[in-house]
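Notes for the one structure printed next.
The values are calculated or read from the model by the stated rules, or taken from the named source; none is laboratory data. Since we're looking at a predicted model, the values are computed, not measured. Positions of Cβ are backbone-derived with ideal geometry, glycine not excepted, and every protein chain shown enters the neighbour counts. Side chains included, ligands, DNA and RNA excluded: accessible areas come from the protein's heavy atoms. Shrake-Rupley method; radii C 1.70, N 1.55, O 1.52, S 1.80 Å.
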Amino acid sequence: MVKSQLEAREIKNNAVLQAMLKVPRHQLVPGDVRHLAYEDTPLPIGNGQTISQPYIVAFMTEAIDPKPEMKVLEIGTGSGYQAAVLGEIVKDVFTIEIVEELGKKAQKDLAQLGYKNVQVRIGDGYLGWPEEAPFDAIIVTAAPERVPQPLIDQLKEGGKMIIPVGPTSNTQELRILEKKKGKIRTKVLFPVRFVPFTRDTLK
Ligand code: SAH
């Protein structure tokens, strides 16, 4: 996976490549798709949600320029895979999942794999995690129609956020935002397809 899907497609950050060699992706996907864990494809993880293709995880992780001292927020825990990859590289990971069942499972799996620096919260990621803000970087793995303002507010000066944005039924655009002197600079990267960013799952 690392050689043929990541290195071959110009993922160069050694920490990202090492992390993806290390995290047991097969232990974070459901049993019925386990044999496909290292294939070049997204996979269903239950509750209508998906774990991203390995290349997208690598790309998004590399895009925030992860460093060992960083504190990173992820929105959309899903299987916990992206959080585990971050947990291999940065100091602290905070991840929020809106579907309780998925959040609880990821929490259990991540604890079992020994990721003590990853904290999972069940809740609406739109609101971010104000008690732990600001964050050095934010990775959003579900697609809202516009970038949630609370997440912009919780990004540290000089920090980066990577996020798919666009209408839920279509492809979205992957964007990278950087906060410089309090202002946001946005770069549009390429079209992607993520599951929708929902807000009504929690009653
Ligand atoms: N990063 C995940 C991919 C998960 S797919 C992984 O590595 O497996 C996106 C996830 O975002 C889904 O599990 C979905 O339930 C969740 N999600 C959607 N809207 C959300 C919201 N408002 N807050 C938190 N999580 C949300």
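Numbers at a glance
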read-out	value
Gain in span if fully extended, Arg193 to Ser4, counting 0.36 nm per residue against the direct Cα distance	65.9 nm
Estimated distance in nm for a label pair at Arg34 and Glu101, the labels positioned 7 Å out from Cα along Cα-to-Cβ	2.0
Point-charge dipole on Cβ atoms (K/R +1, D/E -1) for the chain, about Cα centre, debye to 20	360
Region 121-162, accessible area per residue, ligands and nucleic acids excluded (1.4 Å, Å²)	40
Distance-filtered residues of region 101-135 - backbone nitrogen under 12 Å, label point 7 angstrom along Gln27 Cα→Cβ	109-116
Accessible area in square angstrom per residue, region 10-90, 1.4 angstrom probe	39
Above-threshold pairs, the threshold being 31 Å between Cα atoms, out of Lys116/Lys181; Lys91/Lys181; Lys3/Lys179; Lys104/Lys180; Lys105/Lys183; Lys12/Lys91	Lys116/Lys181; Lys3/Lys179; Lys104/Lys180; Lys105/Lys183
Mean residue ellipticity (222 nm) of the chain, computed from DSSP H runs ≥ 4 via -39,500 (n - 2.57), nearest 500	-6500 deg cm²/dmol
Sequence ranges 79-86, 159-166, ranked by mean other-Cβ count within 10 angstrom, highest first	79-86, 159-166
In sequence order, calculated HN-Hα J values of region 128-142 (Karplus, 6.51, -1.76, 1.60; Hz; x Gly/Pro)	x, 9, x, 5, 9, 5, x, 10, 5, 7, 9, 10, 10, 10, 9
Rounded percent of accessible protein surface that carbon and sulfur make up, the chain, 1.4 Å probe	50
Neighbour count of at most 12 Cβ within 10 Å plus DSSP loop: longest GluC sites (Glu not before Pro)-free window in the chain	70-144
Loop trypsin sites (Lys or Arg not before Pro), region 83-146, which have at most 11 other Cβ atoms in a 10 Å radius of their Cβ (DSSP)	Lys116, Arg146
Segment Gln112-Glu178, extension gain: residue separation times 0.36 nm, minus the distance between their alpha carbons	20.3 nm
